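In what follows, a structure is listed as structure tokens, so that the remarks can point back to it.
Read the figures in this text as sums done on the coordinates, not as results from a lab. Because the structure is a prediction, the values reported are computed rather than measured. FYI the Cβ positions are ideal-geometry reconstructions off the backbone, even for glycines, and counts take in every protein chain you see.
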Amino acid sequence: MADTTFTATRRHGGGQIGSQIARVVLYAILIATALLFILPVYVMVVNSLKPLDEIRSGDLMALPIAWTFEPWLTAWSTAQIGVEPTGLKPYFINSFLLVVPSVVFTTLIGALNGYILTQFKMRGASLLFAAMLFSVFIPYQIVLIPMAKTLGILGLAGTVKGLVFVNTVYGIGFTTLFFRNYYAAFPNELIRSARMDGASFFGVLLRILLPNSAPIIVVTVIWQFTNIWNEFLFGASFSDYTSFPLTVALNNLVSSSTGVKEYNVHFAGAFIAALPTLIVYMVSGKYFVRGLMAGSVKG
């Protein structure tokens, strides 16, 4: 009996040690992976705070010897972009003027489409959803010429409004997919009760569905904000010097450097361009996974 107890205790202790070792190995892998992803950000930030001579003669991984914020000021307000020395500031504003309405429009349209596709059993609804889902897989390059002609007809070529239109149209497929899957798992009893109480078509959407759609709204906003903010091809194809988004302006900043390459200015400009999406993920990234899981039960 004593031997049996000793053996069980030893096995239990060995199991705990094995579990602890596995946990240490797991944490070591996670930390190494995190450092691998953080390393480019570290290099970008550190070298954006160095004078140009220090970057050329020193180690990219080393901290600055002479700290300076001049590259940031140069990238923000005095860099050579296109034909005028304007810096990234006006294009940073252009990106916000592009992203905010595009995210709002695609979210609202996606919610409406998801509501219709799940709550109204109409003929051809599955084919309609399949067609909208197919738009998710269409490459950007395929729609360039048709979209250019459309913007020309509408008089929106070379404007921020035109970019809003393009990104809204291209994003509807994604947002419809998100909301359709989320509303497919929504309790039908609440919707039937609202209709019995006299709620109208939009009353059900505005009073029942949208107030309970916070998880999927967060997913949609993060997804669309990130995609539209980082989008380059549409911005380069359908805008001009007055309506460039930040990604195009950043490319022009790097490409327009002649002679001496101001790497510290380029690093600062790249971090300025990446900062909004970084903040969005830091603030609400944990809700992104929760929102995706919320609509994965059925649909």
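Data overview
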item	result
Extension reserve of the residue 34-residue 212 stretch, reckoned as 0.36 nm per residue once the Cα distance is removed	60.7 nm
Rg over Rh, two decimals, the chain (C-alpha only, Kirkwood Rh)	1.12
Hits among lysines - C-alpha to C-alpha of residue 149 under 22 Å, sequence gap 8 or more where chains match	161
Charge context of residue 55, other residues only, Cβ under 11 angstrom, K/R +1, D/E -1	-1
Kyte-Doolittle mean at least 1.0, axial Cα span of 20 Å or more - DSSP H helices of the chain	89-119, 214-230, 263-294
The range 174-254, relative contact order in percent, only Cα pairs under 8 angstrom and at least six apart counted	24
Partner lysines for residue 261 [C-alpha distance under 18 Å; skip if fewer than 8 residues away on the same chain]	50
DSSP-loop trypsin sites (Lys or Arg not before Pro) across the range 152-192, with at most 10 other Cβ within 10 angstrom	none
